[in-house]
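Asker: I have a structure here, written as structure tokens, and I will follow up with some questions on it.
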Amino acid sequence: MSVSPLQDSIASHETPGTKFFPPFEMTPELEAEIDERITHYPDSKRSATLPLLHIIQHKFGYLSAKSIEWVAKKLELEPIKVLEVVTFYPGFRQSAPGKFHIRVCRTLSCAMGGSGELMDRICELTGIDRSQSDSHHHPIAVSPCGRFSVEFAECLASCGTAPVCLVNDDFHEGVTAEKAEELLGKYKEEN
Amino acid sequence: MITYSKPPHPREHRLIFKNVDRQGWDTSIDCYLQDGGYEDLKKALGMEPKDITGEVKKSGLRGRGGAGFPTGMKWTFIPPNNTKPVYLICNCDESEPGTFKDRYIVHQDPHQLIEGMVISCFAVGAKIAYIYVREEFPQAAEILEKAIEDAREKNFVGKNVQGSGFDVEIYVHRGAGAYICGEETGLIESLEGKRPYPRIKPPYFPAALGLYMCPTIVNNVESLCHVKHIIRMGGDEYAKLGVPRNTGTRIIGVSGDVKKPGYFEIEVGKLTMRELLYELCGGPKDGREFKAVIPGGSSSKILRCDETFKIKGPDGSERSLDFMDIPLDFDTLAACGSMAGSGGVIVMDDSRKMSWVLNNLNSFYAHESCGQCTPCREGSMWMKKISDRIVDGDASPEDVETLESVAYQIDGKTVCAFGEASSWPVEAIIAKFREELVAETDPKNAEKPHNAESAAQRKFLAGESA
Ligand SMILES: Cc1cc2nc3c(=O)[nH]c(=O)nc-3n(C[C@H](O)[C@H](O)[C@H](O)COP(=O)(O)O)c2cc1C
Ligand code: SF4
Ligand code: FES
């Protein structure tokens, strides 16, 4: 039997990207940041669910059962109330992505501009296999070395400069397939 | 003299985008103040809140988020004897495919939005406001938080704003990558820390029963920015921009198959499609012709570029109007059977297959349905499956009919307007390009099994061992 009921129902698994993220552990600094964030919702603590998950995912790469339980406890909620949020939103994930997570826009204007080709080229250059990916359940594919992962995103609200993508928090526009190598180069040297 | 790194087209009229691409412009509060920033807020604080709403009503401002509902009128829907707190929410989810305008406001001119929001909060009596920013704008969230902090330091936000006795706090709330959070009641659920399942209207009109079941005004980023200009100019002056019932300026974003895609702030109704596509966007790509245009975000009905519309004027008289002569306003686009929506214009030329366009949009809606109501959840998925078959060359002519019937079974039968958003593109593409779609099908395909299971079943029924 595992320690927590959530542990059994959660889909976390080890990926090549896991090694780039520290395991979940609350620190006084992080908790202070979280406590401050909760004050933004004076009328209902539950409203802080999404922001807390963002803070944790940003630091630890993904949302483990432990972290979900921690958030539930902090906000005085049943863990399922937090898990149902995690499982709904495409922006939350339960396994580690690559160190650099690339989200390529697949919607109409970008597709017309060649975002499908861009995705193919990125996968070719990074050795990522998307054959097991599907948009609902397994949107993310990680490279064997764990440095890169890819995911198709829906319209990133920059259709006039298609094709576009996000690499972690950096936005890139006009990224045709020919520019994929240059794009990845920006993240290869950096450690 | 204002100079721009990307100069506006001479046909533009810039209010909201005055500072976008402006040389020497940055997001700091000092830059904003040097440019006369927050003067309109000071003016508004000297007015009666109901007079601010009065000016917004006079201005004729219609919401820029999609539905085009009059902003001033929405504000008056807060129940008159309300004793609960009132909230204001700025909708910066900007996720309707084809729409890219709020992005530039929040990344380049955050104080314009904050000033518009504080004025609006004062008008409707909101002491707490949230900016719901889509998760895919991480930099915007940071810029906005810094801007709010700076505005608080200078007492444009916080307690007793500029000595007026009015208190207001603004917070940034980040979404997590779901389109349905743009729908105002889905957004509210999301802000309450839940799955963003839209609420049924009635009774959950946000102005009466919104965030925490309190009166809540939800407005788009661009709409809230306009409020500031309405206060500066006065409602009557503002209403002189644009055309009657379709006043002011709005930002149009053009993407797809044009020589020069981009954003343009124009007076509503003062430009035609032809002027937009040829003068501002440089026409079609070399050797190509315009085929179809989605005029107001992916959820609006597609129009053929060779179409002629019969439309009724306000006096009941009928006239015919060619696609290229459609003025870019709310009412004419509605009369042509589509809508101005969010101002996102997606252009397709003759190199595009409509089945591929349809399939791309169906994939979007199948992915983004919140799953709460059956017609939408199941229908959006089936529409994608059928259009998958068409693009793969595995469809029969009947599939086109089935696809059409699925769309009509969603439209009007769901909790929120996502149902229309997902079915209108299908209905319109089939109505207008039926022959093209049918030409990609083959009656023989009706005989084919569609998946491994049905192939196995067929073999079994035929007496062959599986
Ligand atoms: C499926 C769906 C998605 C929407 N997405 C957005 C959006 O991304 N941004 C937005 O401002 N409004 C969006 N809306 C419209 C909002 O529900 C709401 O009408 C709008 O924010 C009101 O602001 P306005 O009156 O200033 O336009 C969406 C509506 C629907 C049905
Ligand atoms: S119409 Fe679709 S998106 Fe809207 S509530 Fe129903 S299932 Fe959800
Ligand atoms: S379609 Fe890619 S940004 Fe809009």
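What follows draws every value from the coordinates through simple rules; no lab data is involved. All values reported here derive from a predicted model rather than from experimental measurement. All Cβ positions, even for glycine, are placed from backbone atoms using ideal geometry, and neighbour counts span all protein chains on display.
Asker: Restricting attention to the range B:227-238, does a residue exist that is farther than 30 Å from residue A:49 by Cα and within 11 Å of ligand 1 (Cβ to nearest atom)?
Answerer: Scanning the range B:227-238 turns up at least one residue that is farther than 30 Å from residue A:49 by Cα and within 11 Å of ligand 1 (Cβ to nearest atom).
Asker: Say we look at the range A:104-127 and pick out the residues that are crowded, with 22+ Cβ neighbours inside 10 Å and assigned to a loop (DSSP other than H, G, I, E, B); which of these is nearest to ligand 2 (Cβ to nearest atom)?
Answerer: A:107
Asker: Related question: When the residues of the range B:200-221 are narrowed to those that are within 14 Å of chain A (Cβ to nearest Cβ) and more than 8 Å from ligand 1 (Cβ to nearest atom), which ends up surrounded by the most Cβ atoms within 10 Å (Cβ to Cβ)?
Answerer: B:216
Asker: Within the range B:400-415, does at least one residue satisfy the condition of being in contact (Cβ under 8 Å) with a residue 60 or more places away in the chain and within 16 Å of ligand 1 (Cβ to nearest atom)?
Answerer: Looking through the range B:400-415, at least one residue is in contact (Cβ under 8 Å) with a residue 60 or more places away in the chain and within 16 Å of ligand 1 (Cβ to nearest atom).
Results for (1) of a type outside the set (Asp, Glu); (2) within 14 Å of another protein chain (Cβ to nearest Cβ); (3) on the phi > 0 side of the Ramachandran plot, shown as yes or no for each residue.
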| site | (1), (2), (3) |
| --- | --- |
| B:349 | no, yes, no |
| B:354 | yes, yes, no |
| B:402 | yes, no, no |
| B:424 | yes, no, no |
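Asker: What number of residues within the range B:19-59 are part of a loop (DSSP other than H, G, I, E, B), of a type outside the set (Asp, Glu) and either at positive phi or crowded, with 18+ Cβ neighbours inside 10 Å (or both)?
Answerer: Number of matching residues: 8.
Asker: Also: May I ask you to list the residues in the range A:60-78 that are within 14 Å of chain B (Cβ to nearest Cβ) and not in a loop (DSSP other than H, G, I, E, B)?
Answerer: Passing the criteria: A:68, A:71, A:72, A:74.
Asker: When you go through (1) more than 16 Å from ligand 1 (Cβ to nearest atom); (2) more than 26 Å from residue A:181 (Cα to Cα); (3) surrounded by fewer than 24 Cβ atoms within 10 Å (Cβ to Cβ); (4) under 20 Å from the mean Cα position of the chain (by Cα) one by one for residue A:68, which number turns out not to apply?
Answerer: Here residue A:68 meets the rest and fails (3).
Asker: Another question, then. Of the numbered conditions (1) surrounded by fewer than 23 Cβ atoms within 10 Å (Cβ to Cβ); (2) assigned to a helix (DSSP H, G or I), residue B:276 satisfies every one except a single condition; which is it?
Answerer: With (1) surrounded by fewer than 23 Cβ atoms within 10 Å (Cβ to Cβ); (2) assigned to a helix (DSSP H, G or I) applied to residue B:276, the lone miss is (1).
Asker: For the range B:165-175, indicate whether the set of residues that are within 16 Å of ligand 2 (Cβ to nearest atom) and touching a residue at least 40 places away in the same chain (Cβ under 8 Å) is non-empty.
Answerer: yes
Asker: Something else about it: Say we look at the range B:21-75 and pick out the residues that are acidic (Asp, Glu) and under 25 Å from residue B:108 (Cα atoms); which of these is nearest to ligand 1 (Cβ to nearest atom)?
Answerer: Looking at the filtered set, the residue picked out is B:40.
Asker: Specify the residue that is nearest to ligand 2 (Cβ to nearest atom); the eligible residues are those in the range B:64-81 that are part of a loop (DSSP other than H, G, I, E, B) and within 14 Å of residue B:52 (Cβ to Cβ).
Answerer: Among those residues, the one meeting the criterion is B:78.
Asker: Residues of the range B:162-187 being within 17 Å of the chain's Cα centre (by Cα) and among the aliphatic types (A, V, I, L, M), which ones?
Answerer: Of everything in the range B:162-187, those that are within 17 Å of the chain's Cα centre (by Cα) and among the aliphatic types (A, V, I, L, M) turn out to be B:178, B:180, B:187.
Asker: Could you list, in sequence order, the residues of the range A:134-150 that are buried (at least 16 other Cβ atoms within 10 Å of the Cβ) and out of contact with any helix residue (DSSP H, G or I) (no Cβ under 8 Å at 6 or more places or on another chain)?
Answerer: Within the range A:134-150, A:139, A:140, A:142, A:149 qualify.
Asker: Are there helices (runs of 4 or more DSSP H) fully within the range B:82-167 with at least 3 residues that are away from chain A (no Cβ under 11 Å) and charged (D, E, K, R)? List them.
Answerer: B:138-153
Asker: Based on this model, can you work out whether residue B:246 counts as of a type outside the set (Lys, Arg), within 19 Å of residue B:93 (Cα to Cα) and away from chain A (no Cβ under 11 Å)?
Answerer: It is false that residue B:246 is of a type outside the set (Lys, Arg), within 19 Å of residue B:93 (Cα to Cα) and away from chain A (no Cβ under 11 Å).
Asker: Can you name every residue in the range B:367-380 that is touching a residue at least 24 places away in the same chain (Cβ under 8 Å) and farther than 21 Å from residue B:189 by Cβ?
Answerer: Passing the criteria: only B:379.
Asker: Tally up the residues in the range B:250-262 that are in a strand (DSSP E or B) and either acidic (Asp, Glu) or buried (at least 24 other Cβ atoms within 10 Å of the Cβ) (or both), please.
Answerer: So the answer is 7.
Asker: So which strands (runs of 3 or more DSSP E) are wholly in the range B:285-325 and hold at least 2 residues that are surrounded by fewer than 17 Cβ atoms within 10 Å (Cβ to Cβ) and not aliphatic (A, V, I, L, M)?
Answerer: It comes to B:308-312, B:318-322.
Asker: Also, quick follow-up: Return the pairs, sorted by first residue and then second, in which the second residue is assigned to a strand (DSSP E or B) and within 8 Å of ligand 3 (Cβ to nearest atom), the first residue lies in the range A:153-174 and is farther than 14 Å from residue B:104 by Cα, the beta carbons are less than 6 Å apart, and the residues are 6+ apart or on different chains.
Answerer: A:153/A:105; A:164/A:105
Asker: Moving on to the next point. Output the residues belonging to the range B:367-392 that are more than 16 Å from ligand 3 (Cβ to nearest atom) and over 24 Å from residue B:435 (Cα atoms).
Answerer: Across the range B:367-392, the qualifying residues are B:369, B:370, B:371, B:372, B:373, B:374, B:375, B:376, B:377, B:378.
Asker: Quick test for you: out of B:238, B:197, pick the one residue that is more than 10 Å from chain A (Cβ to nearest Cβ) and touching a Gly at 6+ places or on another chain (Cβ under 7 Å).
Answerer: Testing whether each residue is more than 10 Å from chain A (Cβ to nearest Cβ) and touching a Gly at 6+ places or on another chain (Cβ under 7 Å) leaves just B:238.
Asker: For the range A:151-191, enumerate the residues that are within 14 Å of chain B (Cβ to nearest Cβ), out of contact with any helix residue (DSSP H, G or I) (no Cβ under 7 Å at 6 or more places or on another chain), surrounded by fewer than 23 Cβ atoms within 10 Å (Cβ to Cβ) and part of a loop (DSSP other than H, G, I, E, B).
Answerer: Correct list: A:168 only.
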